[in-house]
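Read through the structure below, which is laid out as structure tokens, and then see the notes.
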Amino acid sequence: MADPIEEQIASIREAILGRKGIDPVVLDVRGLSGVTDFFVIASATGAPHLKALSAAVSRALRAASVRRRSAGTAESGWVVLDGLDVVVHLMTRELRERYALEALWSDAPRLPVEDPEAGCGSERKEG
């Protein structure tokens, strides 16, 4: 049987890729953060796209029976969905560049994010 956290991350990845999230990244912050085990970070083109990504991830977490909290709004450019073991940061590209979470957590190993339709990994770019 698969690890429940791995299943949760897989369903979050699917939700993000299904809604055309830009450059999704999964960071393994176990041992680096006392708050969570994994960060999932993805970008959106704007508020409507961010709202769609947020709704898709929220549905994925609900389907996995994960208790979640959220902060931020699509209009603010940054939405955080906290599933305790996995915290999802969805933001516009501009805010992602400004706050550079990947650089802040550069010691964290990156897990592969694969898009079976595009046949590529976490370097996925908007097409």
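Structure summary
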read-out: Output for region 43-70, where each listed residue is touching a residue at least 24 places away in the same chain (Cβ under 8 Å), in a helix (DSSP H, G or I) and of a type in the set (A, V, I, L, M); value: ALA47, LEU50, ALA52, LEU53, ALA56, VAL57, ALA60, LEU61, ALA63
read-out: Answer from VAL25, VAL35, VAL57, VAL80 - the residue that is closer than 19 Å to TYR99 by Cα, surrounded by 18 or more Cβ atoms within 10 Å (Cβ to Cβ) and touching a strand residue (DSSP E or B) at 6+ places or on another chain (Cβ under 8 Å); value: VAL25
read-out: VAL40 vs. criteria within 19 Å of PRO4 (Cα to Cα), among the hydrophobic types (A, V, I, L, M, F, W, C) and in a loop (DSSP other than H, G, I, E, B); value: no
read-out: Odd one out for LEU61 among (1) within 21 Å of VAL113 (Cα to Cα); (2) at pLDDT 95 or above; (3) in contact with a helix residue (DSSP H, G or I) (Cβ under 8 Å, 6 or more places away or on another chain); (4) of a type in the set (A, V, I, L, M, F, W, C); value: (2)
read-out: Qualifying positions in region 79-114 - in a loop (DSSP other than H, G, I, E, B), farther than 20 Å from ALA15 by Cβ and aliphatic (A, V, I, L, M); value: ALA100, ALA108
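Conditions tested, residue by residue: (1) aliphatic (A, V, I, L, M); (2) within 18 Å of ARG110 (Cα to Cα).
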| residue | (1), (2) |
| --- | --- |
| GLU7 | no, yes |
| ARG19 | no, no |
| VAL26 | yes, yes |
| VAL29 | yes, yes |
| ALA44 | yes, no |
| PRO48 | no, no |
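Residue-wise test of (1) touching a helix residue (DSSP H, G or I) at 6+ places or on another chain (Cβ under 8 Å); (2) surrounded by 12 or more Cβ atoms within 10 Å (Cβ to Cβ); (3) modelled with pLDDT under 95.
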| position | (1), (2), (3) |
| --- | --- |
| ALA15 | yes, yes, no |
| SER43 | yes, yes, no |
| ALA52 | no, yes, no |
| LEU84 | no, yes, yes |
| VAL88 | yes, yes, no |
| ARG93 | no, yes, no |
| ALA103 | no, no, no |
| GLY119 | no, no, yes |
| GLU123 | no, no, yes |
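The values are calculated or read from the model by the stated rules, or taken from the named source; none is laboratory data. Source: prediction; values computed, not measured. When we count neighbours, we look across all protein chains shown, and the Cβ atoms used for this are built from the backbone with ideal geometry, even at glycine.
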